[in-house]
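Undergrad: The structure is given below, and queries will be raised subsequently.
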């Protein structure tokens with residue numbers, strides 16, 4: 001693994017002198033020293049991407065992307081192991097979700113080609129690549145969030161500079177090796193690993209970058225948007241969430257609660273779409289809270305650690321505040337752990353709808369159970385945060401569930417546990433960001449639209 005280099009214009013170029021240790025969150029032991037790129041490396045990467053653009057637009061882009069997809073599949077076990085070591089995801093989840101999902105996303109893009117030209121009356125509407133894309137991704141899904149940006153950008157004819165999180169860079173460094181194996185032309189995709197305040201800031205402000213696609217916290221997203229505005233770049237932001245799972249009185253309560261707990265605690269709660277608010281009728285609140293506690297306790301030995309000491313300390317701060325009635329979990333390490341950044345799966349009941357744990361993205365295995373009076377009140381609770389990324393509605397009546405889903409101010413809603421769709425648009429309302437990823441709508445973000453009137 002090339003922890004000492006950036007991948008620029010098809011070559012591995014040593015960077016530094018600034019370094020940091022990569023730490024296994026399960027053991028708290030350092031396993032590698034990562035050299036951090038700087039602004040000069042960003043300049044080289046952007047120049048390479050601009051130079052590679054014209055030839056890439058004429059290439060058989062789908063064929064190259066298919067080889068990249070096959071390369072990931074061939075080294076699936078290796079990807080999963082690196083992700084587990086970098087950010088703590090349990091091996092089975094690393095394989096099934098952290099690697100399986102990006103493969104499904106790639107299959108979706110490759111099986112649903114989008115037309116480049118459309119005829120509207122006497123006009124041709126032409127879709128052209130936006131140009132050089134800076135893709136800035138976080139640590140919680142270090143391969144999936146890269147693929148969700150890279151696949152449509154490359155298919156659209158854009159060239160890319162990737163900045164993965166310095167906390168979990170291994171999957172993207174391995175991906176760069178696959179670029180070489182797949183025959184991706186030099187400069188089409190470049191990888192620079194560095195911190196947000198240095199490399200991220202240099203990319204968002206760079207005059208040679210035409211678009212920034214960012215996934216991360218809402219706080220960081222605001223900074224990205226402000227910086228990119230100086231050069232009027234296109235910006236897409238996939239930010240935080242505080243999603244509600246709304247259980248209507250006629251739903252199968254046990255099924256809904258179990259699925260909500262599983263969703264909220266996936267990846268140890270480090271998922272932007274996590275249903276971290278269980279919204280139930282007040283007459284069912286105590287039963288739902290007890291069930292949530294039981295299901296959470298069964299997960300205690302199956303959750304991986306949080307990704308870093310800083311993240312663990314952040315979650316502990318929320319747990320120490322003790323808002324609501326503690327059903328299970330709470331502060332401290334789980335039983336059986338004396339090291340590692342493990343967190344107790346935690347459920348709070350009777351949570352006030354304006355409490356911090358009901359309003360703020362915690363990014364840990366913490367579920368807030370909130371009662372409602374009637375359906376209108378349930379919708380009000382679900383919509384009562386600045387976010388709007390995901391959600392769920394549960395009901396024995398599909399039409400009623402759909403009617404409630406349409407009232408939720410959020411980018412996607414799952415009815416009765418419906419599964420993830422890798423070609424459906426993904427993105428949020430409000431402070432969850434703007435723009436969409438995945439499928440046709442995700443591809444649209446990476447193109448400029450030109451009208452040509454025919455005489």
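Undergrad: So if R0 is 51 Å, what FRET efficiency would residue 180 and residue 28 give, r being the distance between their Cβ atoms, rounded to the nearest 0.05?
TA: Values: r = 34 Å, r/R0 = 0.66.
My answer for the efficiency is 0.90.
Undergrad: Could you compute the FRET efficiency for residue 451 and residue 400, with r as their C-beta to C-beta distance and R0 at 45 Å, rounded to 0.05?
TA: Given R0 = 45 Å and the Cβ-Cβ separation, E is 0.55.
Undergrad: Between residue 380 and residue 11, what is the FRET efficiency for a Förster distance of 60 Å, r being their Cβ-Cβ separation, to the nearest 0.05? Working shown, then result.
TA: Numbers: r = 56 Å, r/R0 = 0.93.
About 0.60, to the nearest 0.05.
Undergrad: Let me ask something else about it. Multiplying the sequence separation of residue 373 and residue 310 by 0.36 nm and subtracting their Cα-Cα distance, what value in nm do you get?
TA: Difference between extended and current length: 18.9 nm.
Undergrad: I'd like the per residue volume of the convex hull spanned by the Cα atoms of the stretch 359-455, given in cubic angstrom.
TA: 162 Å³
Undergrad: Rounded to whole Å and ordered largest first, report the semi-axes of the equivalent ellipsoid of the stretch 87-170 derived from its Cα gyration tensor (root of 5λ).
TA: Whole-Å semi-axes of the equivalent ellipsoid: 32, 16, 7.
Undergrad: In percent, what relative contact order does the stretch 244-421 have, based on Cα pairs under 8 Å that are 6 or more apart in sequence?
TA: Answer for the stretch 244-421 is 29 percent.
Undergrad: Ok, one more. If I take every Cα pair under 8 Å that is 6 or more residues apart in the stretch 388-428, average their sequence separation and divide by the length, what percent do I get for the relative contact order?
TA: In percent, rounded to a whole number, it is 48.
Undergrad: Given labels modelled 7 Å from the Cα in the Cβ direction, how far is it in nm from residue 63 to residue 47?
TA: 3.1 nm
Undergrad: Using Cβ counts within 10 Å as a stand-in for footprinting exposure, how do 231, 273 rank, fewest first? Could the numbers behind the result be given before it?
TA: On the way: 231 14, 273 22.
The most exposed by this proxy come first: 231, 273.
Undergrad: Considering just Cα atoms, how many Å³ per residue does the convex hull of the stretch 20-115 enclose?
TA: With only Cα atoms used, the stretch 20-115 gives 125 Å³ per residue.
Undergrad: How are the alpha carbon pair distances in the stretch 162-294 distributed across 10 Å bins from zero to the largest one, expressed in percent?
TA: With 10 Å bins starting at 0, P(r) equals 11, 28, 23, 19, 15, 4, 0.
Undergrad: Want the number for residue 254 to residue 114: 0.36 nm per residue separation, take away the alpha-carbon distance, what's left?
TA: Extending this stretch completely gives an extra 46.2 nm.
Undergrad: Please rank 363, 31, fewest neighbouring Cβ atoms within 10 Å first, as an exposure proxy.
TA: Ascending Cβ contact count within 10 Å gives the list 31, 363.
Undergrad: Continuing with this model, one more query. Give me the percent of Cα-Cα pairs in the stretch 220-282 that sit more than 15 Å apart, rounded to a whole number.
TA: Value for the stretch 220-282: 61 percent of Cα pairs lie more than 15 Å apart.
Undergrad: What distance in nm lies between label points placed 7 Å from Cα along the C-beta direction at residue 19 and residue 429?
TA: Roughly 5.0 nm, to one decimal.
Undergrad: Among 10-20, 429-439, 62-72, how do they line up from the highest to the lowest mean number of other beta-carbon atoms within 10 Å? Numbers along the way, then the final one.
TA: Numbers: 10-20: 14.8, 429-439: 21.4, 62-72: 17.6.
Ranked from most to least packed, the peptides come out as 429-439, 62-72, 10-20.
Undergrad: Report, in deg cm²/dmol and to the nearest 500, the calculated mean residue ellipticity at 222 nm for the chain, where each DSSP H run with n ≥ 4 adds -39500 (n - 2.57) and the sum is divided by the residue count.
TA: Taking each H run of at least 4 residues, the total per residue is -11000 deg cm²/dmol.
Undergrad: May I pose another question? Order of 246, 315 from fewest to most other C-beta atoms within 10 Å?
TA: 315, 246
Undergrad: Using a ≥ b ≥ c from the Cα gyration tensor of the stretch 244-421 (square roots of the eigenvalues), is it rounded, prolate or oblate, where a/c under 1.5 gives rounded and otherwise the larger of a/b and b/c decides, a/b for prolate?
TA: Note, shape of the stretch 244-421 comes out prolate.
Undergrad: Continuing with the same structure: How high is the relative contact order of the chain? Use alpha-carbon pairs under 8 Å, at least six apart in sequence, and give a whole percent.
TA: It rounds to 18 percent for the chain.
Undergrad: Same structure, new question: Stretched out fully, how many nm does the piece from residue 299 to residue 419 gain, at 0.36 nm a residue minus the Cα gap?
TA: My answer for the length gained is 41.1 nm.
Read-outs throughout are calculated quantities, based only on the coordinates presented, and are distinct from any laboratory measurement. The structure displayed is predicted, hence computed values, not measured ones. All Cβ positions, glycine included, derive from the backbone under ideal geometry; neighbour counts span all protein chains shown.
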